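Notes follow the structure.
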């Protein structure tokens with residue numbers, strides 16, 4: 001795991017956009033396509049807006065979701081709402097290049113299975129994502145892999161449902177597909193994340209984030225989030 005500390009959340013967002021753009025160019029040159037999974041959050045919204053203006057081979061990009069809250073279309077709780085506002089409305093992506101988690105139907109178990117099949121269609125079987133962008137919660141969660149939820153133990157599916165967390169059930173990618181990714185990009189900002197960032201760095205598997213593979217992981221953190229890391 002590599003950790004880069006930047007001045008503030010804005011610098012983190014800008015650097016993250018540059019990293020994603022570079023990974024996209026490399027993936028398309030090597031394999032003809034780039035499949036990126038994105039999470040929600042305030043800093044990532046800035047990241048995605050910056051990414052829309054970067055040099056990216058958009059015609060070969062597929063965007064999938066790391067997780068999504070079960071809420072109506074267009075609701076401000078939906079990650080897709082902000083993904084559209086920041087990236088999809090500004091980048092030249094065709095509808096078939098954007099793979100939204102289907103959280104609006106009645107049979108969410110069937111919907112999760114359908115999303116797994118969609119991942120396999122764009123990223124192989126089993127799906128291997130080129131880059132997964134993750135955040136880190138102050139409780140150690142990442143994606144919608146939250147403490148004590150049974151979803152943490154799912155090992156036979158790429159996509160699963162959670163219980164209620166912060167008022168919403170969620171659909172999320174699971175550890176098997178996250179840990180097959182070619183690159184993990186952590187975006188961590190804010191002093192409330194400082195203690196958890198230390199535990200993430202140390203591979204503390206008692207927090208959900210600590211169970212994500214460290215082999216190809218890059219952490220971009222602002223000074224506030226990195227406040228408890230020892231100075232080299």
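Every number here is computed from the coordinates shown, using simple stated rules; none is lab data. Source: prediction; values computed, not measured. All Cβ positions, even for glycine, are placed from backbone atoms using ideal geometry, and neighbour counts span all protein chains on display.
Based on a Kirkwood Rh over C-alpha pairs, give the Stokes-Einstein translational diffusion coefficient of region 13-52 at 25 °C and viscosity 0.890 mPa s in µm²/s.
Answer from the Stokes-Einstein relation: 233 µm²/s.
What ranking, highest mean first, results for peptides 219-226, 13-20 when packing means the other Cβ atoms within 10 Å averaged over each residue?
On the way: 219-226: 22.6, 13-20: 20.9.
Descending packing order for the listed peptides: 219-226, 13-20.
Give me 175, 115 ranked fewest to most by other Cβ atoms within 10 Å of their Cβ, as a rough exposure proxy.
Numbers: 175 20, 115 24.
Listing 175, 115 from fewest to most nearby Cβ atoms yields 175, 115.
With an 8 Å Cα cut-off and a minimum separation of 6 or more residues, compute the relative contact order for the chain in percent.
Working: 464 pairs, mean separation 57.6, N = 232.
The normalised contact order for the chain reaches 25 percent.
Report the residues of region 168-182 in range of a label on residue 29: point 7 Å along Cα→C-beta, backbone N strictly under 19 Å from it.
Inside the label zone: 182.
How would 133, 75, 62 line up from fewest to most surrounding beta-carbon atoms within 10 angstrom? Provide the component values of the computation, followed by the final result.
Details: 133 24, 75 13, 62 21.
Ascending number of Cβ neighbours within 10 Å: 75, 62, 133.
Scale the Cα Rg of the chain by the rule-of-thumb value 2.2 N^0.38 Å and send over the ratio, two decimals. Don't skip to the end; give the middle numbers.
Values: Rg = 16.4 Å, N = 232, 2.2 N^0.38 = 17.4 Å.
Its radius of gyration relative to the 2.2 N^0.38 Å reference: 0.94.
Have a look at the DSSP beta bridges in the chain and tell me what percent are antiparallel, nearest 5.
Values: 8 of 30 bridges.
Close to 25 percent.
Using the C-alpha atoms of region 152-232, what convex hull volume per residue, in cubic angstrom, is computed? All intermediate terms of the calculation are to be shown ahead of the outcome.
Numbers: hull volume 8.8 nm³, N = 81.
Per residue, the Cα convex hull of region 152-232 comes to 109 Å³.
Quickly estimate the mean residue ellipticity at 222 nm for the chain, helices only: each DSSP H run with n ≥ 4 gives -39500 (n - 2.57), and the total goes over all residues, rounded to 500. Write out the running numbers ahead of the final one.
On the way: 6 runs with 66 residues, N = 232.
Rounded to the nearest 500, it is -8500 deg cm²/dmol.
Expressed as cubic angstrom per residue, what is the convex hull volume of the alpha carbon set of region 88-182?
Numbers: hull volume 12.4 nm³, N = 95.
Cα convex hull per residue, to the nearest whole number: 131 Å³.
Just need the relative contact order of region 1-96 here, percent rounded to a whole number, with Cα pairs under 8 Å and 6+ apart. Let's see the in-between values first.
Details: 109 pairs, mean separation 27.5, N = 96.
In percent, rounded to a whole number, it is 29.
Compute the convex hull volume of the Cα atoms of region 106-162, divide it by the residue count, and report the result per residue in Å³ as a whole number. Walk me through the intermediate numbers first.
On the way: hull volume 5.7 nm³, N = 57.
Hull volume over Cα atoms, normalised by residue count, gives 100 Å³.
Mind checking the full-extension length gain between residue 11 and residue 166? Use 0.36 nm per residue of separation minus the Cα-Cα distance, one decimal, nm.
Values: separation 155, 0.36 × 155 = 55.80 nm, distance 2.86 nm.
Extra length from residue 11 to residue 166 when fully extended: 52.9 nm.
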